[in-house]
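The values are calculated or read from the model by the stated rules, or taken from the named source; none is laboratory data. These numbers were taken from a predicted model, which means no experiment stands behind them. Positions of Cβ are generated from backbone atoms using ideal geometry, with glycine treated the same way; all protein chains shown enter the neighbour counts.
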Amino acid sequence: MTIQLNTDKNLTIHQEYEDKIKAAINDGLARFDDLITRLEVHFTDENGSKDGLEDKRCLLEARISGKEPFAVTNLGSTYDVALNGAISKLKSKLETIAGKLKTH
């Protein structure tokens with residue numbers, strides 16, 4: 001699974017944080033590693049440089065061979081919270097897709 005990170009202008013990802021993000025994704029989605037060909041991670045701050053609650057957004061776009069790409073989004077007070085919520089949502093969606101693929 002190839003993981004590509006994208007951010008808005010309000011966030012710069014350093015190598016240590018990028019490694020932490022990829023480790024969280026690999027741990028959370030290890031079961032679906034053979035199903036996902038590419039995963040794009042998009043981090044944005046909904047309020048820009050202003051403070052706000054639940055203003056960090058993580059969008060995960062999964063690409064599965066032979067299927068249309070799909071995305072899940074989660075908001076959180078930090079990027080880590082937003083990422084973990086998005087991983088949970090993606091895992092649920094992938095379980096549904098994997099179940100449908102298994103029955104066909």
Is it fair to say residue 11 is in a loop (DSSP other than H, G, I, E, B) and of a type in the set (A, V, I, L, M)? yes
If we keep just the residues of region 1-24 that are under 18 Å from residue 91 (Cα atoms) and among the aliphatic types (A, V, I, L, M), which is surrounded by the fewest Cβ atoms within 10 Å (Cβ to Cβ)? 23
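A quick yes/no check of all residues on (1) loosely packed, with under 14 Cβ neighbours inside 10 Å; (2) touching a Phe, Trp or Tyr at 6+ places or on another chain (Cβ under 6 Å); (3) without any contact (Cβ under 8 Å) to a residue 40 or more places away in the chain; (4) of a type in the set (Phe, Trp, Tyr):
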{"residue": "26", "(1), (2), (3), (4)": "yes, no, yes, no"}
{"residue": "45", "(1), (2), (3), (4)": "no, no, yes, no"}
{"residue": "75", "(1), (2), (3), (4)": "no, no, yes, no"}
{"residue": "79", "(1), (2), (3), (4)": "no, yes, no, yes"}
{"residue": "92", "(1), (2), (3), (4)": "yes, no, yes, no"}
Of (1) of a type in the set (Gly, Ala, Ser); (2) at pLDDT 95 or above; (3) farther than 18 Å from residue 7 by Cα, residue 66 satisfies every one except (2)
Check whether at least one residue in region 53-62 is in contact with a strand residue (DSSP E or B) (Cβ under 6 Å, 6 or more places away or on another chain), surrounded by fewer than 16 Cβ atoms within 10 Å (Cβ to Cβ), in a loop (DSSP other than H, G, I, E, B) and hydrophobic (A, V, I, L, M, F, W, C), and report yes or no. no
On the basis of being modelled with pLDDT of 95 or more, among the hydrophobic types (A, V, I, L, M, F, W, C), under 28 Å from residue 46 (Cβ atoms) and in contact with a helix residue (DSSP H, G or I) (Cβ under 8 Å, 6 or more places away or on another chain), does residue 75 make the cut? yes
Subset of region 63-73, residues charged (D, E, K, R) and either in contact (Cβ under 8 Å) with a residue 24 or more places away in the chain or part of a strand (DSSP E or B) (or both), comes to 63, 67
